[in-house]
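The values are calculated or read from the model by the stated rules, or taken from the named source; none is laboratory data. Since this is a predicted model, take the numbers as computed values, not measurements. As a convention, Cβ positions derive from the backbone with ideal geometry for all residues, glycine included, and neighbour counts pool all protein chains shown. Ligands, DNA and RNA are excluded from the accessible area calculation, which covers all protein heavy atoms including side chains. Shrake-Rupley method; radii C 1.70, N 1.55, O 1.52, S 1.80 Å.
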Amino acid sequence: MQVNKSSYRIRINGIVQGVGFRPYAFRLACELGLDGWVLNSSYGVLIEVEGGAEDLDEFVQRIIVSPPPLARIREYNVEKIDPAGYRGFVIRESQKEQNRNVMISPDIATCSECRKEILNPDNRRYQYPFTNCTNCGPRFTIIQDIPYDRSKTTMASFPMCPLCQSEYEDPSNRRFHAQPNACPVCGPRITLLDQQGKESPEAVTALLKAGFIIAVKGLGGFHLSADARNREAVSRLRKRKKRDAKPFAVMVRDLETVRNYCMTSQEEERQLISPAAPIVVMKTRKDHGLPADVIHPGLNTLGVLLPYTPLHYLLFDDELDMLIMTSANISDEPLITDNQKAMENLRDIADYFLIHNRDIYNPCDDSVISLTPQGTVHFFRRARGYVPAAIQIPHSACPILAVGSELKNTFCMTRGNEAYISQHWGDLNHYHNYLNFLHGVERFEKMLEVKPEIIAYDLHPDYQVSRWAKSQAQVQLMGIQHHHAHLASVMAENGLEGEVLGLICDGSGWGTDGTVWGCELLRGTYKDFSRLAHLQYLPLVGGDLNSQRPYRMAFIYLLAALGDEKAMAEAKKLLPHLQGAEMGLIQQMMSIKMPILTSSCGRLFDAAAALLGISPINHYEGQAAIEMEACADHHATGRYEYQVEKQPGMLIMNSLPIFAGILRDIHRGGTVSTIAGKFHLTLSDMFADALLQARDHSGLNRVVLSGGVFHNGIILFNLSNSLISHGFEVYHQQQVPPGDGGISLGQAVIASERVI
Ligand code: ZN
Ligand code: ZN
Ligand code: FE
């Protein structure tokens with residue numbers, strides 16, 4: 001034993017398993033001539049290392065400061081211990097401890113080295129669709145339990161061949177302890193089936209080029225795929241999927257090709273090629289030559305993603321460079337993950353089925369993001385590639401389950417000061433989505449080894465998920481107001497403490513006064529809030545019907561703004577979808593006292609869009625607002641009149657005068673895009689005005705922005721700029737969606753702060 005040998009015990013916690021941490025430690029120790037061992041434990045990674053003091057310090061420095069690229073160190077501890085006299089450095093067997101504190105890695109897009117292998121005819125993994133290594137491949141979607149070992153994944157049924165096994169055991173190999181390691185000899189296989197379930201000898205790419213629709217089993221579920229440049233194929237897919245207008249995402253062969261179709265920024269490109277490989281929504285080029293009206297009707301943006309598994313790379317060739325890649329589900333039901341179900345449920349949509357025999361344990365949709373003009377990430381949907389990475393929350397409390405919202409549902413489970421947000425479950429009014437939610441809760445409990453002591457739920461009496469929460473025994477229940485949850489969600493991910501102003505512009509959320517809140521200005525902390533301002537109330541005649549038929553909302557606004565006679569005259573000219581009987585009924589119900597009032601901002605967008613003829617009917621949620629943003633002229637100037645009125649104890653943002661202004665512009669022959677542009681500017685100004693008054697009144701200078709309306713880039717950008725120029729500190733969401741997919745985080749944090 002060397003006399004001057006020192007020794008350290010290092011514990012590292014975070015996303016440190018399944019990301020090549022141990023081979024990294026091994027190689028580093030060998031390079032520096034250090035002795036000892038590294039192992040995976042339920043806590044994370046445990047290392048004992050000994051050698052010369054200088055080399056040891058360098059080891060610690062390098063392992064903590066520049067860990068392997070996919071590792072996320074959450075905390076670490078370095079302890080000086082007595083040298084044990086180890087000879088050489090080894091990787092020891094996994095150790096199971098009581099405390100399962102480890103974090104599971106999200107799925108990771110195929111790395112460049114694996115990609116080279118599958119494209120190289122001389123490599124034994126040439127064209128092998130399940131190629132992966134410690135730097136890439138499936139993780140969350142195949143993991144059934146922890147610690148993360150092959151036997152606890154859906155790869156358990158594929159024993160490794162001797163060659164794969166030797167890679168797996170060789171610390172100098174890129175596949176050392178790569179749990180899903182596989183090759184054509186031992187791993188999963190793909191099969192192409194026709195509609196009758198018979199194996200087909202055809203080549204997939206040839207079928208796609210011939211215009212067929214193929215259901216492709218991917219990482220987190222099935223996709224429906226078709227040649228994006230083939231108008232007839234895309235239209236057929238749209239018709240068969242009964243998807244009237246919702247934009248399709250496209251998978252593009254490579255980054256070069258993306259640039260031909262979209263105006264990409266550096267940051268957008270960085271996200272496209274990131275390990276999470278999300279769908280990035282980007283501006284399209286004008287001359288892209290795609291059948292835009294069937295791919296993304298009414299929009300100037302396109303959701304694009306790059307191939308993220310080896311299987312995807314094999315779908316493309318020199319001629320075929322862009323595929324529709326849309327989640328395979330039937331009208332808002334869950335993503336299909338099972339071969340049998342795909343064959344049964346997609347029979348009327350897909351011509352062929354490209355299936356495989358590796359099971360998907362955790363279903364996971366593609367994530368959808370965009371980049372803000374400031375270059376920050378904006379989530380539309382946070383799922384594959386991000387789940388189950390934790391988000392740090394300000395303080396630790398007992399384990400909490402926050403069940404989220406009814407639409408765009410995610411739940412959130414906490415362990416200590418970490419919040420684990422589930423993948424996207426969608427609309428829980430669909431029974432199968434609801435079942436998936438329930439399974440998801442069980443799986444997260446197992447994965448995190450926590451048993452929630454508190455369940456936080458939305459106050460809405462009709463939310464199925466809130467009713468489920470309230471039926472749970474032996475837990476503390478906590479009802480949380482929808483908009484407060486939005487506010488807390490932004491606070492939490494920005495690590496804010498104290499009190500803030502929160503402008504929550506939303507479609508709908510149950511208010512504490514029994515009305516349907518929408519656009520609300522709150523002041524609040526994690527624990528509590530009060531309401532300072534809201535959009536003026538309008539009667540929601542016909543309830544939810546209005547979110548599907550914006551023309552009804554336009555008429556309601558006209559009635560409220562102009563009175564019956566003028567409103568009728570304008571409606572006859574501008575709202576052709578509004579038939580006499582419906583018109584009469586709405587008018588009648590408006591005149592008697594209506595019980596449901598709403599301050600919804602989503603409905604305000606609907607009304608304006610319908611009046612402009614942009615989207616009189618919503619074929620998907622938020623269509624009117626999305627198309628209104630798409631057609632808005634960014635160079636528009638001027639504002640419509642609006643009022644921010646002081647009422648006792650409340651400011652009212654009155655948007656009714658805006659409608660008179662819009663009508664004037666329409667009759668003067670103003671273009672739809674100028675009016676839409678001016679409408680956006682007006683709303684931003686109205687919100688800024690209300691916030692300025694709220695600041696005067698409250699003395700609070702920090703503003704958080706959340707709610708589904710902040711998916712609108714123009715409003716987010718204009719309002720943020722205007723607020724910053726007035727000296728506000730402005731915060732928005734960057735780790736979870738501003739829409740209802742992000743409220744489970746807020747609910748969890750509110751609950752945790754209330755019990756601390
Ligand atoms: Zn790889
Ligand atoms: Zn093998
Ligand atoms: Fe909401």
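Assorted remarks:
- Among ASN546, ILE104, CYS161 the positive-end extreme of the charge dipole of the chain (Cβ point charges): ASN546
- With all protein chains in place and a 1.4 Å probe, the accessible surface of the stretch 6-91 carries 45 percent carbon and sulfur.
- Rounded percent of accessible protein surface that carbon and sulfur make up, the stretch 317-366, 1.4 Å probe: 35 percent
- Cα gyration tensor, the stretch 266-403 - rounded (a/c under 1.5), prolate or oblate: oblate
- Peptide packing for 397-404, 47-54, 672-679 was compared via the average number of neighbouring C-beta atoms within 10 Å per residue; ordered from the highest value, the list is 397-404, 672-679, 47-54.
- Alpha-carbon centroid distance for the pair the stretch 22-81 / the stretch 150-170, whole angstrom: 25 Å
- Cysteines in the chain that, by Cβ-Cβ distance, have no pairing candidate under 4.7 Å: CYS30, CYS114, CYS133, CYS164, CYS183, CYS262, CYS364, CYS398, CYS412, CYS631
- In degrees, nearest ten, helix 482-493 long axis to first principal axis of the chain (Cα): 40 degrees
- Inter-part distance where the stretch 704-733 and the stretch 587-632 are each reduced to a Cα centre, Å: 22 Å
- Acute angle (nearest 10 degrees) that the helix 601-611 long axis makes with the longest principal axis of the chain, alpha-carbon atoms: 60 degrees
- Protein heavy-atom surface of the stretch 566-651, 1.4 angstrom probe: 58% of the accessible area is carbon and sulfur, with nucleic acids and ligands not counted.
- Spatially proximal lysines relative to LYS5 (Cα-Cα < 22 Å; intrachain offsets below 8 disregarded): LYS80
- A simple count of charges around ILE391, restricted to other residues whose Cβ falls under 10 Å of its Cβ and scoring Lys, Arg +1 and Asp, Glu -1, yields -1.
- Beta bridge orientation in the stretch 169-322: antiparallel %, DSSP, nearest 5: 80 percent
- Were the residues from SER331 through LEU39 laid out at 0.36 nm apart, the gain over their Cα-Cα distance would be 100.5 nm.
- Links that overshoot a 23 Å alpha carbon limit, given the list LYS152/LYS217; LYS242/LYS283; LYS242/LYS408; LYS246/LYS678; LYS241/LYS341: LYS242/LYS283; LYS246/LYS678
- Counting DSSP beta bridges with both ends in the stretch 385-499, the antiparallel % (nearest 5): 60 percent
- Whole-Å distance, taken between Cα centres, linking the stretch 466-487 and the stretch 368-389: 26 Å
- Mean Cβ count within 10 Å, highest first, over the residues of peptides 600-608, 386-394: 600-608, 386-394
- Potential extension, ARG347-GLU729 segment - 0.36 nm per residue separation minus Cα distance: 132.2 nm
- Protection-proxy order for peptides 567-573, 714-720, each taking the mean of Cβ atoms within 10 Å per residue, highest first: 714-720, 567-573
- Mean accessible surface per residue for the chain, computed with a 1.4 Å probe while every protein chain stays in place, in Å²: 38 Å²
- Computed [θ] at 222 nm, helices only, for the chain once each DSSP H run of length n ≥ 4 contributes -39500 (n - 2.57): -9500 deg cm²/dmol
- Principal-axis tilt of helix 550-562 within the chain, Cα atoms, nearest 10 degrees: 40 degrees
- DSSP-defined antiparallel bridges as percent of all bridges, the chain, nearest 5: 75 percent
- Here the dipole of the chain is about 720 debye; that uses its Cα centre as origin and unit charges on the Cβ of Lys and Arg (positive) and Asp and Glu (negative).
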